[in-house]
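Report on one structure; see the data block that follows.
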Amino acid sequence: MAVPLLDLKRQYATIRGEILRVTEEVYESQAFILGKRVEAFERDFAAYCESKHCIGVSSGTDALLIALMVLGMTSGDEVIVPAYSFFATAGVVARLGATPVFVDIDLADYNIDPAQIKKRITKRTKAIMPVHLFGQMAAMDQMDFGIPIVEDAAQAVGAEFDGRRAGSFGAIGCFSFFPSKNLGAFGDAGAVTTNDDSLAEKLIDYRVHGMRPKYYHHYVGGNFRIDALQAAILHVKLPHLDAWTEGRRRNAAIYDELLAGDDRIILPRQLPRRKHIFNQYIVRFKEGRDRVMAHLKSVGIGCEVYYPLTLPQQDCFAYLKAGRFPNSEAAAQQSLAIPVFPELTRDQIFEVVREIKRGLQ
């Protein structure tokens with residue numbers, strides 16, 4: 001039985017009528033840039049994230065970029081980031097001429113290790129960027145260093161720490177709506193959230209080249225707008241998000257039960273005080289990851305390595321000579337994502353588990 005890593009067609013089939021209705025309305029209006037559709041989504045997404053403001057932007061990467069821009073990041077500044085994450089986390093820092101300062105992760109949750117952050121803070125540290133990786137929030141109660149926090153919540157929409165949602169803790173929260181995310185657009189899209197009125201105003205301006213009113217530019221911003229079509233689609237999907245999340249959590253619990261007790265496999269942990277939304281279900285193999293991955297692919301089971309290199313190991317960051325990050329390197333060498341999307345059936349989960357165990361033989 002072939003099992004894809006993700007099957008977006010099955011989700012789409014359940015909301016096809018709603019999607020076609022709102023997209024047709026956008027086509028008929030011929031209003032594609034910002035406007036009422038964007039404002040409606042921003043209002044409801046801010047409420048969902050328990051934040052005062054939401055500003056829709058063009059991608060998750062641009063969400064991180066605009067966040068650092070409005071915080072005044074520039075050449076010579078430093079931003080503390082985890083050594084294990086998607087490239088954009090550190091890429092946006094370097095793009096602004098600032099320096100990404102890497103900190104190792106805790107293998108319990110794959111998130112930045114708060115105990116190591118203090119050691120890396122200098123006079124040039126202008127922001128700390130914890131990543132809520134794979135759908136579980138970082139330890140936000142241990143991030144108070146008197147330095148602005150930019151939450152990289154690209155994989156954590158709806159995740160919680162102490163009952164508070166991702167994106168509501170830091171100065172700015174950053175989200176991606178890439179199609180494979182738990183809340184995915186039909187193309188690139190993203191958002192930033194904040195509880196700070198003045199930051200919200202700057203984010204709105206920076207989204208359109210620092211412009212207010214039209215053709216009067218107070219800052220050098222960018223073209224970071226979310227378009228009305230993506231906002232309309234996301235607005236249709238948003239009321240379904242919690243049910244989809246519970247489907248992922250249900251499937252994760254089934255995997256936990258079926259894979260428990262096998263000391264060759266390290267299962268993901270939901271740590272106390274947190275709600276894990278399982279953007280990915282990550283299993284880790286101290287030995288044999290590549291052999292298992294090859295076997296799964298040979299029998300049509302979707303799987304993926306997130307991520308094969310740590311950020312300091314990327315060629316473009318070699319100039320930093322950042323050193324070794326053993327936990328991040330272990331995660332890169334040993335981890336594997338397996339299917340967990342909400343429409344997955346129990347039979348498909350049993351098939352995935354059966355083939356993982358065959359792959360370990």
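I'd like to compare 308-315, 189-196: which one has the highest average count of other Cβ atoms within 10 Å, and what's the full order after that?
Taking the mean over residues of other Cβ atoms within 10 Å, the ranking is 189-196, 308-315.
How large is ³J(HN,Hα) for each residue in the stretch 128-135, as worked out from phi by the Karplus curve 6.51 cos²θ - 1.76 cosθ + 1.60 (θ = phi - 60°), to whole Hz, x for Gly and Pro?
Result, ordered by residue: 10, 10, x, 10, 8, 6, 6, x Hz.
Of the listed peptides 316-326, 109-119, what is their order by residue-averaged count of other C-beta atoms within 10 Å, with the highest listed first?
In descending order of packing, they fall as 109-119, 316-326.
Read phi for every residue in the stretch 302-315 and hand back ³J(HN,Hα) as whole Hz from Karplus 6.51 cos²θ - 1.76 cosθ + 1.60, θ = phi - 60°, with x for Gly and Pro.
For the stretch 302-315, the Karplus-derived couplings read x, 7, 7, 8, 10, 9, x, 10, 6, 4, x, 7, 5, 3 Hz, x marking Gly and Pro.
Return one whole number: the accessible area per residue of the stretch 1-44 in Å², for a 1.4 Å probe.
Per residue, the stretch 1-44 has 67 Å² of solvent-accessible surface.
For a quick check: with amide H placed at 1.01 Å from N, whose amide H comes under 5 Å from Gly190's, ignoring anything fewer than 5 positions away on the same chain?
Val57, Ser58, Ser59, Phe177
In the chain, what percent of the accessible surface is made up of carbon and sulfur (1.4 Å probe, ligands and nucleic acids excluded)?
Taking all protein chains in place, the chain shows 51 percent carbon and sulfur surface.
Taking the alpha-carbon centroid of each part, what is the distance from the stretch 45-98 to the stretch 119-147 in angstrom?
If you average the Cα positions of each part, the centres end up 13 Å apart.
Could you check the spin-label model distance between Lys119 and Glu246? Points 7 Å from the Cα along Cα→Cβ, value in nm.
It works out to 4.4 nm between the two label points.
Summing Lys, Arg as +1 and Asp, Glu as -1, what charge do residues with Cβ under 15 Å from the Cβ of Gly210 carry, Gly210 excluded?
Counting the neighbours of Gly210, the net charge comes to +2.
Under 20 Å from a label point 7 Å along Cα→Cβ of Phe32: give me every residue in the stretch 9-26 with its amide N that close.
19-26, by backbone N distance to the label point.
Could you grab the relative contact order for the chain? Cα pairs under 8 Å, six or more apart, rounded to a whole percent.
Relative contact order comes out at 23 percent.
Ordered by residue, what ³J(HN,Hα) values in Hz, to whole numbers, does the stretch 140-145 give under the Karplus form 6.51 cos²θ - 1.76 cosθ + 1.60, where θ = phi - 60° and Gly and Pro are x?
5, 6, 10, 10, 8, 10
What distance in nm separates the two pseudo spin-label positions at Val220 and Gln333, each 7 Å out from Cα along the beta-carbon direction?
So the label points at Val220 and Gln333 sit 4.3 nm apart.
Hey, got a sec? Which chymotrypsin sites (Phe, Trp or Tyr not before Pro) in the stretch 114-196 land in a DSSP loop and have at most 14 other Cβ atoms within 10 Å?
When the chymotrypsin sites (Phe, Trp or Tyr not before Pro) of the stretch 114-196 are filtered for loop state and at most 14 Cβ neighbours within 10 Å, Phe145 remain.
Which cross-chain or sequence-distant (5 or more) residues have an amide H under 5 Å from the amide H of Val103, H modelled 1.01 Å from N in plane?
Residues meeting the amide H criterion: Val81, Ala83.
Per residue, how much accessible area does the stretch 105-256 have with a 1.4 Å probe, in Å²?
38
GNM on the chain, C-alpha springs below 10 Å: top fluctuator among Arg225, Arg165, Arg269?
The residue that fluctuates most here is Arg269.
Need the list of lysines near Lys237 for cross-linking: C-alpha distance under 16 angstrom, and skip anything on the same chain fewer than eight residues off.
The qualifying lysines are Lys9, Lys181.
Cα-Cα over 30 Å: which of Lys118/Lys297; Lys321/Lys357; Lys52/Lys275; Lys123/Lys321?
Checking Cα-Cα distances, Lys118/Lys297; Lys321/Lys357 exceed 30 Å.
When DSSP assigns beta bridges and you keep just the ones with both residues in the chain, what percent turn out antiparallel, to the nearest 5?
Of the beta bridges lying entirely in the chain, close to 65 percent run antiparallel.
Quick check: residue separation of Glu201 and Ile254 times 0.36 nm, minus the Cα distance between them. What number comes out in nm?
That pair, Glu201 and Ile254, stretches by 14.6 nm at full extension.
The values are calculated or read from the model by the stated rules, or taken from the named source; none is laboratory data. What you see is a predicted model, and the numbers here were worked out from it, not measured in a lab. No Cβ is skipped: glycine too gets one built from the backbone with ideal geometry, and neighbour counts run over all protein chains shown. Please note that ligands, DNA and RNA were not included when accessible areas were found on the heavy atoms of the full protein model with its side chains. Shrake-Rupley method; radii C 1.70, N 1.55, O 1.52, S 1.80 Å.
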